[in-house]
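Here the structure comes first, spelled out in structure tokens, and everything after it is commentary.
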Amino acid sequence: MAAVAHAGGAAGAHHPCCAGEVTTAYVARSAWSGVQSTTHIKGTERPTLEFPPEVTEAVTEIIGSVRRDGDEAVAELTQRFDGVERDAIRVSAAEIAAAADALAADEREAIEGTIANVREFHEHQREHLEGFEREFRPGIRMGQRVIPVDSAGVYVPGGRYPLVASPAMTILPAVVAGVERIVACAPPQADGTIQPAQLYAMDRAGADEIYAIGGAQAIAAMAYGTESVAPVNVVTGPGNMYTTEAKRQVFGHVGVDFLAGPTEVLIIADETADPALVATDLLAQAEHDTESRVVLIATDQTLAEETIEEVAAQLETLPTEETARIAWADNGEVILVADRSTAVEVANEYAMEHLQVMSDEPRAYMDGLVNYGSLFLGHHSPVVFGDKAVGTNHCLPTLEVSKYTGGVWVGTYLKTLTHQELTADGAASIAPLAAKICELEGTHAHRFSAEARLDDSDA
């Protein structure tokens, strides 16, 4: 298990997908429900997300401090956890300009390219979210409006890998949704500045306000406000176990996207897959964190065995070998299944963040697959494209959360509000039904309200 250096910003933050860069204490599921016709060639226990009591207590203290002392608490926590003192927590226009100047032209172009792709995909999402209004029965009109929240806060983690694509994934959906005010927080580096590529991406993605605040204190500042940071309605984005626990504690006061753990990938591969490519794609996720989960479901034994050999060989020359080797050893699985339908059944049971299908016929699997954060179809659709550049969102659920929700999308920042308008005749027609329900409940004042409309049609 990886260790978190502190409860603040940069140290300990290491998961590259918005699903969460949690370094956490896992509680292992001792028993997998299992599916017939499967063989674990390489197995491990399945984790669930659970934080040690000391993390919960530390975060409670941090949130309480920020709520009580505002900017003063943020400054003290930033100095304690990040070793940084700033004159102001808000990032200035001069700092943003300096970050842009620090990047080469091709670096800026790469960031702009990802932003453009993410924007295009999420604009199409927004186009398919519509309000409506219609007359359902004479005198009874009902409908809905789909409108943005007033304000949103996003967290952009630092740590082992400063997430350059993350601002696009959290800020742009809010921009496309039409959120009026978007706040972004990221932990400061040792020199007090935000990592230049991250800062440039935050600005170009459309953040209205950027603050050099990390960790649980950033979540608290966005949720409850300080002298410098006005509170927001929704908080999204990844973080270490402290930021994730902070999101859990502020939920209800503000909305959050979801709670998530370290990155996950499950690859379904058949005899048409290249074991070297399968191994490469497994290790691409394994390098994120020692807690990363990487799973192969193979319909062919030779493919499974050769992939294991390829992982071992590629680890020998992988620059991030130290992290990836631990993740593979501790959290890697290889499962041999009898056929395509069994592969689908196991994948749905696991319900993992990233799901790749490496087959000449990937769409033959698609209809049956229902539990995943994002689906990558075919030999040429690795997770890295979704994580970094193609346009779909990389803020995705882990630890079986995909059984009830998807990842961050435009709808994360939208509210669906219903309305109704009844004429006197419409009210009189629905009143007996409402009154009877109230009678069954014993809600008498409600019943009187309904019955008062019985004679409205005579008005």
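Every number here is computed from the coordinates shown, using simple stated rules; none is lab data. As the structure is a prediction and not an experimental result, all values here were calculated from the model. Because the Cβ atoms are built from the backbone with ideal geometry, glycine has one as well, and the counts that use them run over all protein chains shown.
What FRET efficiency comes out for Thr60 versus Asp191 if R0 is 41 angstrom and r is the Cβ-Cβ distance? Round to the nearest 0.05. If you can, show how the numbers build up before the last one.
Values: r = 31 Å, r/R0 = 0.75.
Result of the calculation: an efficiency of 0.85.
Dipole of the stretch 233-305, Cα-centred, from +1 at each Lys and Arg C-beta and -1 at each Asp and Glu C-beta, to the nearest 20 debye? Present the calculation step by step, with values, prior to reporting the outcome.
Details: 3 positive and 12 negative charges, 125 e Å.
Charge dipole, the stretch 233-305, about its Cα centre: 600 debye, nearest 20.
Which FRET efficiency value, to the nearest 0.05, do you get for Thr405 and Glu316 by plugging their Cβ-Cβ distance into 1/(1 + (r/R0)^6) with R0 = 56 Å? Spell out each step's value before the answer.
Details: r = 39 Å, r/R0 = 0.70.
It comes to 0.90.
Can you give the convex hull volume of the alpha carbon atoms of the stretch 205-271 per residue, in Å³?
It comes to 126 Å³ per residue, whole-number rounded.
Take the Cα coordinates of the stretch 143-202, assign each an equal point scatterer, and use the Debye formula without solvent to give log10 I(q)/I(0) at q = 0.21, 0.30 Å⁻¹.
Rounded to two decimals, the profile gives -0.78, -1.23.
Any chance you could list P(r) for the stretch 367-421, counting all Cα-Cα pairs in 10 angstrom bins from zero, rounded to whole %?
With a bin width of 10 Å, the distribution comes to 20, 42, 25, 9, 4, 0.
So what's the stretch 92-221 giving for Rg/Rh, alpha carbon basis, Kirkwood Rh from the mean inverse pair distance?
Working: Rg = 18.2 Å, Rh = 16.2 Å.
Here the Rg-to-Rh quotient is 1.12.
Give the Debye-formula value of log10 I(q)/I(0) at each listed q (0.13, 0.24 Å⁻¹), with one equal scatterer per alpha carbon of the stretch 315-379, two decimals each.
Debye intensities relative to I(0), on a log10 scale: -0.46, -1.04.
If you filter the stretch 113-196 for GluC sites (Glu not before Pro), then keep DSSP loop positions with at most 14 other Cβ within 10 Å, what is left? The partial results should precede the final answer.
Numbers: sites: Glu120, Glu123, Glu127, Glu130, Glu133, Glu135, Glu180; in loops: Glu130, Glu180.
Listed in order of number, the matching sites are Glu130, Glu180.
With +1 assigned to the C-beta of every Lys and Arg and -1 to the C-beta of every Asp and Glu, and no other charges, what is the dipole magnitude of the chain about the Cα centre in debye, to the nearest 20?
On the way: 30 positive and 69 negative charges, 237 e Å.
Roughly 1140 debye for the chain.
Read through the labelled values [x] 1.10; [y] 1.35; [z] 1.02 and report the label of the one computed as Cα Rg over 2.2 N^0.38 Å from the structure.
[x]
How would you rank 161-167, 237-243, 353-359, 295-301, highest first, on the average number of other Cβ atoms within 10 Å across their residues?
Values: 161-167: 24.6, 237-243: 31.1, 353-359: 27.7, 295-301: 22.3.
With the highest mean Cβ count within 10 Å placed first, the list reads 237-243, 353-359, 161-167, 295-301.
With labels modelled as points extended 7 Å from the Cα through the Cβ direction, what inter-label distance (nm, one decimal) is found for Glu439 paired with Glu107?
Rounded to a tenth, the inter-label distance reads 7.5 nm.
Students often check this: by mean Cβ neighbours within 10 Å, which of 253-265, 315-327, 86-98 ranks highest, and how do the rest follow? The partial results should precede the final answer.
On the way: 253-265: 24.8, 315-327: 16.2, 86-98: 14.5.
The peptides rank, most packed first, as 253-265, 315-327, 86-98.
Using the charge dipole of the chain (Lys, Arg: +1 at Cβ; Asp, Glu: -1 at Cβ; taken about the Cα centre), state which of Val278, Ala450, His380 has its Cα farthest towards the positive end.
Farthest along the dipole direction, towards plus: Ala450.
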